[in-house]
Amino acid sequence: MKKEILKMLKETEGYVSGQELCDRFQVSRTAVWKVIRQLEEDGYEIEGVRNRGYRLTGCPDGLTEEELGSAITGKWAGRPVFYYPEVTSTNDLAKRLASEGCPHGTLVTAERQTAGRGRRGRAWMSPKGESIYMSLVLRPDLPPSSASMVTLVAAMAVAAGLKKAAGVEGQIKWPNDLVVKGKKICGILTEMSAELDCIHYVIIGTGINVGQKEFPPELADRATSLLIETGKPVNRCRLAAAVMEAFEEYYEKYEKAGDMSLLMEEYNRELAGAGEPVRVLAPEGEYSGRSCGIDREGRLLVDREDGSREAVVSGEVSVRGLYGYI
């Protein structure tokens, strides 16, 4: 009932009468009053006026079950939400929930991570209340060989969410980062449990820099936040909800095709460094070339200096721009 009352308050421009809430949920005025008090304790600002009812005047900047549950509008992405003030990493907890049978679309969020990590086991800075830390559980009916493309789908969703919720144009640094003006603003970590012929679950972990005012000297030249880029606070809940909404749309196209063919054109428009020189760091050796976008399997196409074309697989190599982070 708490989540439903919050949703009604958010969707109503004026006041919601206490009697209307009583009738809707078949409870007493005392029960409604207790829920209002709980919401206020959670940080919501609610004005109560005799004979008029309740009106929401302010929301906390949190990623709680109530806040996200009332903000997410899609059918399954972000339903349900599990929120924790502190975790080792949201991916760790999402994997545990997935192994216990949680449904497709389950979202895990946290205010702080004590052991956040990025691709190849790199540490991920996880300060409290400044970023979005969330992990989405998926159970795709696709072969394991297709799972890596989910990272690309998630990157497209973050780009769409940044634009909708913050008015910021982000670009995708293949395969798992988002950049704004050449600096990293988001990282995505995909993990999977599978057998040879089937996927048990896929976890999409996403970290977005939102409220950081500055970064340590060793990161300042290649990391940024929405606060730095826009000069104003961005509500993390609205951004997370916008990402979930976009992910649901993109994911359904990806699942329908079984590859990136329905998304490839849009992805390549948002690809950072498209047409620019890159260096590929492959196990068999480094080489230089020019980025030419992705193919339908999500591989990065690179035209080598000798005229040949390579289809680069994300799990095998790293790709760097020759003139900066991207």
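What to note about this one:
- Relative contact order (%) - criterion: Cα under 8 Å, at least six apart; region: the chain: 14
- FRET efficiency, 1/(1 + (r/R0)^6) with R0 51 Å, evaluated for residue 198 and residue 12 via beta carbons: 0.65
- Overall, the chain carries a charge dipole of about 780 debye about its Cα centre when +1 sits on the Cβ of Lys and Arg and -1 on the Cβ of Asp and Glu, all other atoms neutral.
- Cα-Cα pairs of the chain separated by more than 38 Å (percent): 20
- Using the rule -39500 (n - 2.57) for each DSSP H run of four or more residues, divided by the residues of the chain, the 222 nm mean residue ellipticity is -9000 deg cm²/dmol.
- Placed amide H near residue 110: partners under 5 Å, 5+ positions off or other chain: 84, 133
- Computed lengthening from residue 222 to residue 88, 0.36 nm per intervening residue step minus Cα-Cα distance: 45.7 nm
- Between helix 90-99 and the chain there is an angle of about 80 degrees, using the helix long axis and the longest principal axis of the Cα atoms.
Just so you know, all these numbers are worked out from the coordinates, no wet-lab data involved. No experiment lies behind these values; they were computed from the predicted model shown. FYI the Cβ positions are ideal-geometry reconstructions off the backbone, even for glycines, and counts take in every protein chain you see.
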